[in-house]
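Trainee: After the structure tokens below, expect a handful of questions from me.
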Amino acid sequence: MTATENQTEEYRQHMEMPWEQFVQSNDDVPAKKAALIERTVTVGRIGLMILACGTGSWRVRDAMNIVARSLGLTCTADIGLMTIEYTCVEGAHSYTQVLSLPSSGVNMTRLNRLEGLVKEIELSNRQWTVPEIHDRLSQIEKEKSSYTAIHQGLAAGLACAAFVFLLGGGPIEMLCSFIGAGIGNFVRRQLIARKMMLLVCVSIAVAVACLCYAGAFYLIHALFQVSGRHEAGYIGAMLFIIPGFPFITSGLDMSKLDMRSGLERLSYAILIILVGTLVGWLMAVIVGLKPENFIAITMSPALLMILRLICSFFGVFGFSIMFNSSVRMASVAGLIGAIANTLRLTLVDHQILAGAAAFLGALMAGLLASIIRRRVGYPRISITIPSIVIMVPGLYLYRAVYNFGMMNVGTSAEWMMKAIQVMVFLPLGLTAARVLTDPKWRHTN
């Protein structure tokens, strides 16, 4: 190790865990006969890697329990957003570790690989060794993202353009949102790659997205003399920062009484929403954009439903790619989201309350995912949460913060209550679907 590397390690806030130093047994020693410390560390590393993929505490604990049983251990764990405190017991001996992550993110392809490894350890008849398990984990850990920053930018642009149509926008708003969100998320991915802190990434990405939307819109306005009301679509350009994954997993965790993880995830999601929407409000004030209602578009109910199905599919597909899902996994989530979100929007059109429509849409997504996952084998969370992220009321949240900033307190409170109603019912819908279809989930033991 060079002097520069030594200095970097010395001042690193979150020091890297030297997993290889815990592995002492040989390749010919079965994992069940390895030392307690080796087996315990193996359980912890698997749990930490799964936690880093953005999944909830129930899934992390379940994976750790499966591996612990396979290694002849009893495991108990307390899991948060970025930390795991756990103890493994064998007879009268125990070993405890506290592990933490430097940041939180979402990676569905890695989660799929890790869950595949956990199932292989549980179900295969061959004798695993501790070095063999750690080698597999190291291979998974070293795998790079399936998509470049450009791919991620295009995915965000596609998702937000589709999102804008579903909110009531037209071609001009969709085009400008595609440009703004695409460039904004590209910048965000570049900042993340440079290890910039969360709030910096969110703030700069939102500012860039709003500026790019405004630039694209004013250029179109100058060239084609379109109505100034098309500026309202700038909200769509910043919706890629809405933290749907941690928000929805927070509700799922709290439904299983994993309060620590649930509250930490909820706080994390609220922080991102507040920072993102406040920066968006500030940029709107600077550039002169206003969140007005979209210009009404007239079309037949049949055409509207077809376009909603198409845009819901591509919206969910884009968000899934942002979560580093494979193309096939994103397509499955997109199909589920197209049906579930179109159902929700149709119910709203028929004067069903937004909260009830969100519950039924999420319930439909959960039930469809339960049926489909038996055929495709993907982790349930990798196709359920992306399919309902598009239902998160980012427009309501932004209008609540915008009106709060303009001191329109009554209007702000109204929009906030609408947003909270929908956000509460989304995880409840997924929870209800899980209770109906998964006996392991609906029991506490």
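Trainee: Quick one: compute a quarter of the convex hull surface over the Cα atoms of the stretch 318-416 and quote it in nm². Walk me through the intermediate numbers first.
Mentor: Numbers: hull surface 28.1 nm².
For the Cα atoms of the stretch 318-416, the hull's average projected area reads 7.0 nm².
Trainee: On C-alpha positions alone, give me the angle between the axis of helix 130-142 and the longest principal axis of the chain, in degrees, nearest 10.
Mentor: 20
Trainee: How many Lys pairs in the chain lie less than 30 angstrom apart by Cα atoms, where the lysines are 8 or more positions apart or on different chains?
Mentor: 15
Trainee: State the percentage of accessible surface on the stretch 149-440 attributable to carbon and sulfur atoms; use a 1.4 Å probe and exclude ligands, DNA and RNA. Don't skip to the end; give the middle numbers.
Mentor: Details: 8800 of 11960 Å².
Accessible surface attributable to carbon and sulfur in the stretch 149-440 totals 74 percent.
Trainee: Suppose each label sits 7 Å from its Cα in the direction of the beta carbon; what would the LYS33-GLU16 distance come out to in nanometres?
Mentor: Each label point lies 7 Å from its Cα, and together they span 3.3 nm.
Trainee: Another question, then. Which residue, PRO30, PRO291, PRO301, has the most motion in a Gaussian network model of the chain that connects Cα atoms within less than 10 Å?
Mentor: PRO301
Trainee: Here is a further query. Among the trypsin sites (Lys or Arg not before Pro) within the stretch 142-206, which fall in a DSSP loop and have no more than 16 other Cβ atoms within 10 Å of their own Cβ?
Mentor: Here the trypsin sites (Lys or Arg not before Pro) that fit, given the DSSP loop and packing criteria, are LYS144, ARG194, LYS195.
Trainee: Give me D for the stretch 260-302 in µm² s⁻¹, whole number, from Stokes-Einstein with Rh from the Kirkwood sum over alpha-carbon pairs, 25 °C and 0.890 mPa s.
Mentor: Estimated diffusion coefficient is 182 µm²/s.
Trainee: Same structure again: Which length gain, in nm to one decimal place, applies between ILE352 and GLU143 when the Cα-Cα distance is subtracted from 0.36 nm times their residue separation?
Mentor: 70.7 nm
Trainee: Tell me, what % of the accessible area of the stretch 19-142 is carbon and sulfur with a 1.4 angstrom probe?
Mentor: Looking at the stretch 19-142 in its full context, I get 48 percent from C and S.
Trainee: Kindly identify the stretch 97-182 as rounded, prolate or oblate by the Cα gyration tensor criterion: order the square roots of the eigenvalues as a ≥ b ≥ c, call it rounded if a/c is under 1.5, otherwise compare a/b with b/c, prolate if a/b is larger, else oblate.
Mentor: Prolate, because a/c is 1.5 or more and a/b exceeds b/c.
Trainee: I would also like to ask the following. Provide the per-residue ³J(HN,Hα) series for the stretch 21-32, in order, calculated from phi with Karplus coefficients 6.51, -1.76, 1.60 and θ = phi - 60°, each as a whole number of Hz, with x at glycine and proline positions.
Mentor: Along the stretch 21-32, the couplings run 6, 7, 8, 10, 6, 8, 5, 8, 9, x, 4, 5 Hz.
Trainee: For the chain, what is the calculated [θ] at 222 nm in deg cm²/dmol (nearest 500), taking -39500 (n - 2.57) for each run of four or more DSSP H residues and dividing by its residue count?
Mentor: Dividing the helical sum by the residues of the chain leaves -23000 deg cm²/dmol.
Trainee: Mean shadow of the stretch 7-131, computed from the convex hull of its alpha carbons, in nm²? Intermediate results must be reported in sequence, preceding the final value.
Mentor: Details: hull surface 32.8 nm².
So the Cα hull casts an average projection of 8.2 nm².
Trainee: Residues of the chain: accessible area per residue at 1.4 Å, in Å²?
Mentor: I get 45 Å² per residue for the chain.
Trainee: Highest mean first, what order results for 99-107, 375-383 on Cβ atoms within 10 Å?
Mentor: Peptide ranking by packing, descending: 375-383, 99-107.
Trainee: How many nm is it between the label spots at ASP438 and LEU123, if each spot is 7 Å from the Cα in line with the beta carbon?
Mentor: Output for this residue pair reads 1.7 nm.
Trainee: Something else about it: Expressed as an acute angle from 0 to 90° and rounded to the nearest 10, what is the orientation of the C-alpha long axis of helix 301-322 relative to the principal long axis of the chain?
Mentor: 40
Trainee: Please compute the Kirkwood hydrodynamic radius of the stretch 219-297 from all pairs of different C-alpha atoms, in Å with one decimal.
Mentor: Working: mean 1/r = 0.0673 Å⁻¹.
About 14.9 Å for the stretch 219-297.
The values are calculated or read from the model by the stated rules, or taken from the named source; none is laboratory data. Because the structure is a prediction, the values reported are computed rather than measured. All Cβ positions, glycine included, derive from the backbone under ideal geometry; neighbour counts span all protein chains shown. The protein model used for the area step is the full one, side chains on, heavy atoms only, and it has no ligands, DNA or RNA in it. Shrake-Rupley method; radii C 1.70, N 1.55, O 1.52, S 1.80 Å.
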